[in-house]
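The values are calculated or read from the model by the stated rules, or taken from the named source; none is laboratory data. Just so it is clear, the model here is predicted, and its values are computed rather than measured. Heads up, the Cβs are rebuilt from the backbone with ideal geometry, glycines too, and the neighbour counts pull from every protein chain shown.
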Amino acid sequence: MSKKSKAKAAHWSGSQMICPYFAREEGVAICCRGEGPGFRLRMTFDTCQGKKEWAKDRCESYDYWKCPLCEMIDEFEGIGDE
């Protein structure tokens, strides 16, 4: 199996994602978006398993707001400054 095929096999649809900042996932990465033009965060993991564990505990959880990436996006966008 080629490297590209392995990465494709690791993808899921994102339909389980609860976090509003989730944009997409790639092989061993999760991509998040903010509201600003071109604002993107990409977190890369050593393994697909590591990515899945991160997503389960954060992106797929109603506690997504506890994610450090979510906190950074909120801070960047001024959410919670009032």
Q.
Looking only at residues that are more than 10 Å from the chain's Cα centre (by Cα) and of a type in the set (Gly, Ala, Ser) in the stretch 23-60, which one is nearest to Asp74 (Cα to Cα)?
A. Gly34
Q: Output the residue which, of all residues in the stretch 45-82 that are within 14 Å of Gly34 (Cβ to Cβ) and acidic (Asp, Glu), is surrounded by the most Cβ atoms within 10 Å (Cβ to Cβ).
A: Asp74
Q) Taking into account only those residues within the stretch 24-41 that are modelled with pLDDT of 90 or more and among the aliphatic types (A, V, I, L, M), which is surrounded by the fewest Cβ atoms within 10 Å (Cβ to Cβ)? A) Ala29
